[in-house]
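The values are calculated or read from the model by the stated rules, or taken from the named source; none is laboratory data. On a predicted model such as this, the values are computed, not experimentally measured, just so you know. For neighbour counting, all protein chains shown are included, and Cβ atoms are generated from backbone atoms with ideal geometry for every residue, glycine included. Surface areas here come from the heavy atoms of the whole protein model, side chains and all, with no ligands, DNA or RNA. Shrake-Rupley method; radii C 1.70, N 1.55, O 1.52, S 1.80 Å.
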Amino acid sequence: MRFPVVLALTLGLAACGGGSNPPAAPGAGTPSAPAPAPAQADDTVTGMVMADNPVALSAGAQVTVRLLDITRADAEPTVITTAVQPIAALPAEFTLAYADDAIDSYRSYAVDAQVMDEGTVKFVSIGRVPVLTNGKPARVNVQLAQALTTATRDPAVDLVKEFADFEARLGGLKRFADSRIVGPEGKETAIGWDAFADDDGLRMVRETISDGEGNNRFNRRFAWKDGKLWVAIRDQGGTKVRLGWDKDGTLIVKEKNGQADESVADEAAALAKAAKEAFDIASPRVPR
């Protein structure tokens, strides 16, 4: 990583012999060149790629792991380096080496992975896993899901993966924050929020809601894509509800605690209303 490096050089003085030999005359010998310093080893990202259950793979299966610069949330990530290694089963360990000077502590990085087996992509990572900077570790677990063919792709799965990728790149967006109090006197509700925007406008609002005394706290997240509500999440009392809409405004993701659950569609109207209120408050405050 690009941090100043201070090298302390310690010069040892050779001890003289018994003194019987006179010193060499100037120019009598040619000093040997100093030995070159050993090359600095690359740093590494390590970890485990894993599926929901152990999986045996055929001979010749490979995992490809990429280190990505995900700083800009409004652009495709830049590939820093790639490692390909053979694996026989999942889970499996991976090691991804990178040049130290390729990493900037002010930028954001992540890894993703895919598994090739018998010439076909069989597993892909669920989103990208942040690493190295902004307090993220150099050892991570990468969760894999079975790859879908074009004919069997599930738009709900694609939306969830795209949203995970988007959240991993929030560090590259403009962030701003505020709070507000709503409700009648004696029944006030406090809402603290932060928001993220790119060149196209507001992309996400995260809210923490509590009563006037700071109790009964829960969280909501709203994300927009192309100016339309895209994802709404309520995390309250150990229950996490996630809803997602496609570009036509059709509700295609209905999840409760990570599992498909049609019953949570009943929350769509209330969360969409809360999302509109959050958007109307945060959007005019987007930093220019």
* Structure fact -> Going through region 83-110 in order, the residues found to be closer than 18 Å to Gln62 by Cα and not aliphatic (A, V, I, L, M) are Gln85, Pro86, Pro91, Glu93, Phe94, Thr95
* To do: Of all residues in region 155-209, count the ones that are open to solvent by less than 60 Å² (accessible area, probe 1.4 Å) and not in a strand (DSSP E or B).
  => 15
* Scan region 213-246 for residues that are part of a loop (DSSP other than H, G, I, E, B) and of a type in the set (Lys, Arg) and jot them down. => Arg217
* To do: Can you tell me which residue within region 249-288, out of those that are under 16 Å from Ile233 (Cβ atoms) and in a loop (DSSP other than H, G, I, E, B), is most open to solvent (accessible area, probe 1.4 Å)?
  => Asn257
* **Considering residues of region 111-154 that are closer than 16 Å to Gln62 by Cα and small (Gly, Ala, Ser) only, the residue surrounded by the fewest Cβ atoms within 10 Å (Cβ to Cβ)** => Gly119
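Each row is one residue, and each column tells you yes or no for (1) β-branched (Val, Ile, Thr); (2) at pLDDT 95 or above; (3) closer than 30 Å to Leu170 by Cβ; (4) surrounded by 15 or more Cβ atoms within 10 Å (Cβ to Cβ).
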| site | (1), (2), (3), (4) |
| --- | --- |
| Pro4 | no, no, yes, no |
| Leu7 | no, no, no, no |
| Pro31 | no, no, no, no |
| Thr71 | yes, no, yes, yes |
* To do: Please enumerate the residues belonging to region 83-110 that are open to solvent by 70 Å² or more (accessible area, probe 1.4 Å), of a type outside the set (Lys, Arg) and in contact with a strand residue (DSSP E or B) (Cβ under 7 Å, 6 or more places away or on another chain).
  => Val84, Pro86, Pro91, Glu93, Thr95
* Check Ala51, Ala14, Ala75 and return the single one that is at pLDDT below 95 and loosely packed, with under 10 Cβ neighbours inside 10 Å. => Ala14
* Asked: Picking from Gly183, Gly212, Gly172, which residue would you name as being in contact (Cβ under 8 Å) with a residue 60 or more places away in the chain, in contact with a Ser or Thr (Cβ under 9 Å, 6 or more places away or on another chain) and among the small types (Gly, Ala, Ser)?
  -> Gly172
